[in-house]
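Heads up: the structure comes next, in structure tokens.
The values are calculated or read from the model by the stated rules, or taken from the named source; none is laboratory data. Here the structure is a predicted model, which means the values were calculated and not measured. Cβ atoms come from the backbone with ideal geometry, glycine included; neighbour counts cover every protein chain shown.
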Amino acid sequence: MKKLNFIDLFAGASGMSEGFVKAGYIPVAHIEMNEEACYTIKTRAAYHYLKSKKKLNLYYSYIKKEITREEFYKNFPDEILNAVINIEIDDNSIKDIFKKINPQNQEIDLIIGGPPCQAYSLLGRHQDNIENDPRNKLYIQYGRFLKQYSPRAFVFENVPGLLSANKGQHFKNLKAYFRKLGYEVYHDTLDASDYGVVQARKRIIIVGWKKEADFGFPDFVKTKKKYTVNDAFEDLPELKPGEGYQFINYKNKKNSYLEKFELRNGIDFVTQHISRPHNERDLAIYKTAIQKWNNQAIRLRYPDLPEELKTHKNESSFIDRYKVVNGSGSSHTVVAHIAKDGHYYIHPDEEQCRSISVREAARLQSFPDDFYFEGSRSAAFKQIGNAVPPLMAYAIAKKMKELLWQI
């Protein structure tokens with residue numbers, strides 16, 4: 001059977017694309033407005049190209065910083081790197097984007113992606129201008145790609161707040177618009193922890209089918225066993241606050257979780273195991289939070305801190321801003337705010353007493369260890385927090401492939 005292809009819109013760091021590539025799809029183009037995320041996508045595209053050529057040693061040299069990015073990129077055909085389009089999708093740019101996507105007259109099987117979701121988040125919904133936020137209408141731009149390329153199906157991802165934004169009217173408008181374009185539209189709320197991700201992360205998945213090939217909402221196969229954050233962190237070397245390694249050997253052999261879901265997939269070192277520094281007050285708060293959670297399963301509330309550790313008098317807002325990742329279960333949802341500070345993602349090991357590293361955040365999102373994030377530490381955290389977990393995307397991709405091959 002021929003390999004299915006796709007276009008990834010609002011691609012971010014290509015977490016969703018990673019799941020589809022793993023399932024055997026071929027990316028035609030990625031469109032993303034953030035420059036650092038685009039470099040991440042290019043580097044990952046280079047990885048997949050080198051893997052197909054059995055020349056991954058070149059990739060390993062790059063992520064170890066033995067060669068520069070410029071030297072690394074010189075090894076790839078233009079079509080590999082040019083398929084990543086660094087531009088914001090809007091009324092002014094969309095025609096130019098269509099010109100840059102050249103599918104060589106081939107049909108596009110699938111369009112995937114999810115517009116920026118901050119406007120639909122619980123925080124975003126408190127904004128007074130939500131109805132005027134241009135991000136609310138990005139589904140229209142998504143639809144223009146459906147109209148231009150007429151794929152057999154699409155997969156649209158977003159936060160649960162999409163369903164209730166503007167009292168549900170935005171979602172009604174979205175469904176009506178996609179149906180007008182010729183698609184039967186279905187949706188459900190998925191939790192990433194059902195697909196091998198050690199994180200409680202709920203997302204709305206909208207699936208659209210051309211009306212002549214309507215399969216309804218697919219039954220995505222869930223994993224039978226739940227794994228824990230400790231399973232995901234077990235082999236990573238201990239770090240002190242502010243300590244980090246561009247690359248370092250694993251602490252021990254891979255366990256069943258890392259092997260089953262291929263997070264450790266062939267290399268004998270881990271990259272970007274880098275933690276942020278913390279001041280003495282934060283470290284004292286972290287220690288208190290870790291002890292409360294590990295010993296009593298109680299979350300630290302800001303008003304409960306000793307007076308000498310408090311930094312402000314507001315004890316009614318953001319009282320849970322210090323949160324320990326649950327080592328013996330699933331993590332709470334990783335979001336882009338992790339780029340600002342680590343207070344909401346404290347490592348569960350009291351001996352380490354710090355916020356999680358870049359690689360640990362990537363593990364919580366189910367990125368494989370050979371996935372490299374371009375840019376600064378903060379840029380990497382932001383890309384990870386905004387991403388679709390690749391393992392959840394992989395479960396979606398496999399089932400979609402099974403159905404698309406029936407058309």
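Looking only at residues in the stretch 204-234 that are over 23 Å from P151 (Cα atoms) and charged (D, E, K, R), the one that is surrounded by the fewest Cβ atoms within 10 Å (Cβ to Cβ) is K224.
Quick check on my filter: what residues within the stretch 34-58 are farther than 15 Å from L81 by Cα, in a helix (DSSP H, G or I) and touching a residue at least 12 places away in the same chain (Cβ under 8 Å)?
If the condition is that a residue be farther than 15 Å from L81 by Cα, in a helix (DSSP H, G or I) and touching a residue at least 12 places away in the same chain (Cβ under 8 Å), then L56, L58 are the ones that fit.
The residues in the stretch 28-56 that are touching an Asp or Glu at 6+ places or on another chain (Cβ under 6 Å) and more than 14 Å from F371 (Cβ to Cβ) can be counted, and the count is 4.
Scanning the stretch 270-292 for residues that are buried (at least 16 other Cβ atoms within 10 Å of the Cβ) and in contact (Cβ under 8 Å) with a residue 60 or more places away in the chain yields V270, T271, Q272, H273, I274, S275, R276, H278, D282, Y286, I290.
Out of the residues in the stretch 15-59 that are touching a strand residue (DSSP E or B) at 6+ places or on another chain (Cβ under 6 Å) and of a type in the set (G, A, S), state the one that is nearest to I94 (Cα to Cα). Filtering first and then ranking leaves A29.
Answer yes or no as to whether I97 is within 14 Å of L146 (Cα to Cα), under 24 Å from the mean Cα position of the chain (by Cα) and part of a helix (DSSP H, G or I).
yes
Listed here are the residues, each with its yes/no results for (1) touching a strand residue (DSSP E or B) at 6+ places or on another chain (Cβ under 7 Å); (2) acidic (D, E); (3) more than 25 Å from V388 (Cβ to Cβ).
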{"position": "P218", "(1), (2), (3)": "yes, no, no"}
{"position": "K224", "(1), (2), (3)": "no, no, no"}
{"position": "L236", "(1), (2), (3)": "yes, no, no"}
{"position": "K240", "(1), (2), (3)": "no, no, yes"}
{"position": "E243", "(1), (2), (3)": "no, yes, yes"}
{"position": "F269", "(1), (2), (3)": "yes, no, yes"}
{"position": "A284", "(1), (2), (3)": "no, no, yes"}
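In this structure, is S355 of a type outside the set (F, W, Y) and buried (at least 20 other Cβ atoms within 10 Å of the Cβ)? Yes: the conditions hold for S355. Cβ separations smaller than 8 Å between residues 6+ apart or across chains give the following pairs from the stretch 298-314 residues that are under 19 Å from N326 (Cβ atoms) to residues that are part of a loop (DSSP other than H, G, I, E, B) and not aliphatic (A, V, I, L, M): R299/D320; R299/K323; L300/D320; L300/Y322; L300/K323; R301/D320. For the stretch 62-120, a residue qualifies if it is in contact with an Asp or Glu (Cβ under 9 Å, 6 or more places away or on another chain) and more than 30 Å from N166 (Cα to Cα), and the qualifying residues are Y62, I63, R69, V84, I85, N86, N102.
Selection within the stretch 318-338: residues that are among the β-branched types (V, I, T) and within 21 Å of the chain's Cα centre (by Cα). The member of this set that is nearest to R377 (Cα to Cα) is I338. Checking I85 against (1) of a type in the set (V, I, T); (2) at pLDDT 95 or above; (3) under 30 Å from G196 (Cβ atoms): exactly one of these is not met. Which one? Every condition holds for I85 apart from (3).
Mind telling me which of the residues K224, K210, K172 ends up being of a type in the set (K, R) and touching a residue at least 24 places away in the same chain (Cβ under 8 Å)? Step through it out loud before you land on a result.
On the way: K224 fails: touching a residue at least 24 places away in the same chain (Cβ under 8 Å); K172 fails: touching a residue at least 24 places away in the same chain (Cβ under 8 Å).
None of the other options fit; the residue is K210.
Mind checking which residues of the stretch 315-342 are within 22 Å of K202 (Cβ to Cβ), of a type outside the set (A, V, I, L, M, F, W, C) and in contact (Cβ under 8 Å) with a residue 40 or more places away in the chain? Across the stretch 315-342, the qualifying residues are N326, G327, S328, G329, S330, S331, H332, T333, H337.
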